[in-house]
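Shown next, in structure tokens, is the structure this report addresses.
The values are calculated or read from the model by the stated rules, or taken from the named source; none is laboratory data. It should be emphasised that the depicted structure is a prediction, and the values quoted were computed from it without experimental measurement. Note that we place each Cβ from the backbone using ideal geometry, even for glycine, and neighbour counts take in every protein chain shown.
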Amino acid sequence: LADRLQSTIKKMTGKGKVSEQDVKEMAREVRLALLEADVNFKVVKDFVKKIKERAVGTEVMESLTPGQQVIKIVKEELTALMGGEQSKIAVSERPPTVIMMVGLQGAGKTTTSGKLANLLRKKHNRKPLLVACDVYRPAAVDQLETVGKQLGIPVFSQGTEKNPVDIAKEAIEHAKAEHLDYVIVDTAGRLHVDENLMGELTQIKADINPDEIFLVVDAMTGQDAVNVAETFDSTLDITGVVLTKLDGDTRGGAALSIRAVTHKPIKFAGMGEKLDELEAFHPERMASRILGMGDVLSLIEKAQDNIDEKKAKELEQKMRTASFTFDDFLDQMEQVKSMGPLDELLGMLPGANKMKGLKNVQIDDKQLVHVEAIIQSMTKKERQDPGLMNASRKKRIAKGSGRPISEVNRLLKQFDEMKKMMKQMSGMQGGKKGKKKKG
Ligand code: GDP
Ligand code: MG
């Protein structure tokens, strides 16, 4: 999102008021960005309308540039689109509380059942029971049993002979007898939504009367996830959504549309394959992530406009692989100097605004000269591998550049943090590569 937005926003910087033309242009970009992120088109339409209404004629707050102001509106609306924070799980007045997990095959039901049981026990001090109701594949029962064993959480299973409705009912009786207070029912899925599956799930629902029905959807499937959610919800009236594989989702399309389409809250987010990688879903954090992700790309885009194409490509590659060295840094600084106000550019570097040293510091060109001097006092080896740096090397560099050692240290630290940030960003954008290239 941000890569598109930021370039538009840059154009607005420096204006006292957001004009109608600005808003129009920005709205166009927001619309394209959302569609590219695989957000449902109806959702996009409503969203853009809202942004327009709020942004037209917005007086600029003293502390914000018009661009930032618009970003703020977009972020607030993105957050609203994904709903409030709702990771609470129902508690039945008469235990056990029954949670039914539904979703397509491979969405992550079995894994998430385990994660949820783990969370309930760890965070809420509950005693959960896992129930194996996917009776179509022997491997599915084994899988849940393995998960249970790994976590030390009991699993109720009766092989693959019985029908899932009976297994679920017996499991609840079993939980009562054993004084277990949560029953998590792992059901079967199919590759696609089909009537048999819906029939079976409807039957289970009617017989066990669950307190929660969580639909598990794979965030990486984007728009498809939204269609799936719509179907499951209209048949089963789900109570919440768990978005899995958010660790691999680079676009956020499913997260953005599901809530708006189903009006059901996204309760949890799966952030990895491990059984402790389930988090409460935070709409605001997700909005920041969606907006923040593009910083590197927008920097690169800006670079592409100003620097020759090949260099920019190399830079991009280096940022992605985090093999960025001080030589690249120096190289980049030379080119960057012709591109505009420095603090604006630095603000686009991943995490630059979060770096302690940079925060609230006005960056002027004098400082740039100092940074250059420090880097130029490094040996070739040191520039390639800052890990070499020790006290005597730092002393030598400080002397050579005529800067205090504290400044050398600060630069090293900032560089290090920047690299970490790049690594993180490139991890998050893994799937994005080659997907889109703005012309
Ligand atoms: P089910 O068919 O719906 O029961 O899906 P499974 O629980 O068997 O999960 C399918 C695959 O997705 C497995 O390989 C899981 O490890 C993987 N998976 C589930 N949740 C996540 C997640 O949040 N992140 C990642 N990266 N993988 C996940
Ligand atoms: Mg399964």
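Assorted remarks:
- Condition broken by PRO138, with the remaining ones in (1) more than 11 Å from ligand 1 (Cβ to nearest atom); (2) touching a residue at least 40 places away in the same chain (Cβ under 8 Å) satisfied: (2)
- Only one of GLY222, GLY248, GLY270 that is within 16 Å of ligand 1 (Cβ to nearest atom), at pLDDT 90 or above and small (Gly, Ala, Ser): GLY270
- Cβ separations smaller than 7 Å between residues 6+ apart or across chains give the following pairs from the stretch 149-161 residues that are closer than 16 Å to THR187 by Cβ to residues that are part of a loop (DSSP other than H, G, I, E, B): THR160/VAL135.
- Among the residues making up the stretch 169-189, those that are more than 16 Å from ligand 1 (Cβ to nearest atom), touching a strand residue (DSSP E or B) at 6+ places or on another chain (Cβ under 9 Å) and touching a residue at least 40 places away in the same chain (Cβ under 8 Å) are ALA171, ILE172, HIS174, ALA175, GLU178, LEU180, ASP181, TYR182, VAL183.
- Matching entry among GLU212, GLU230, GLU195 (being more than 26 Å from ALA260 (Cβ to Cβ) and of a type in the set (Asp, Glu)): GLU195
- The number of residues in the stretch 273-301 that are at pLDDT below 85 and within 16 Å of ligand 2 (Cβ to nearest atom) comes to 0.
- Identity of the residue in the stretch 147-159, surrounded by fewer than 21 Cβ atoms within 10 Å (Cβ to Cβ) and touching an Asp or Glu at 6+ places or on another chain (Cβ under 9 Å), that ends up farthest from ASP276 (Cα to Cα): GLN158
- Of the residues examined, LEU215 is one that is at pLDDT 95 or above and not hydroxyl-bearing (Ser, Thr, Tyr).
- Among the residues of this structure, VAL183 does not count as one that is assigned to a strand (DSSP E or B), under 22 Å from THR97 (Cβ atoms), in contact with a Gly (Cβ under 6 Å, 6 or more places away or on another chain) and assigned by TED's automatic domain parsing to the domain that holds ALA269.
- Odd one out for ALA269, checked against (1) small (Gly, Ala, Ser); (2) part of a strand (DSSP E or B); (3) within 16 Å of ligand 2 (Cβ to nearest atom): (3)
- Residue within the stretch 249-256 that is part of a helix (DSSP H, G or I) and within 16 Å of ligand 2 (Cβ to nearest atom) present: no
- Index of the failed condition, ALA175 passing every other in (1) within 13 Å of ligand 2 (Cβ to nearest atom); (2) crowded, with 16+ Cβ neighbours inside 10 Å; (3) not in a loop (DSSP other than H, G, I, E, B): (1)
- Only listed residue being within 11 Å of ligand 2 (Cβ to nearest atom), more than 24 Å from THR231 (Cα to Cα) and crowded, with 23+ Cβ neighbours inside 10 Å, chosen from LEU144, LEU130: LEU144
- Selection over the stretch 82-127 of residues that are surrounded by 23 or more Cβ atoms within 10 Å (Cβ to Cβ), away from ligand 2 (no atom under 16 Å from the Cβ) and part of a helix (DSSP H, G or I) gives a count of 0.
- Test: residue in the stretch 141-149 that is over 30 Å from VAL48 (Cβ atoms), more than 14 Å from ligand 1 (Cβ to nearest atom) and modelled with pLDDT of 95 or more: yes
- Residue, surrounded by the most Cβ atoms within 10 Å (Cβ to Cβ), within the stretch 189-211, restricted to residues that are in a loop (DSSP other than H, G, I, E, B) and touching a helix residue (DSSP H, G or I) at 6+ places or on another chain (Cβ under 7 Å): GLY189
- Residue list for the stretch 356-396, filter: under 19 Å from MET333 (Cα atoms), at pLDDT 90 or above and among the aliphatic types (A, V, I, L, M): ILE374, ILE375, MET378
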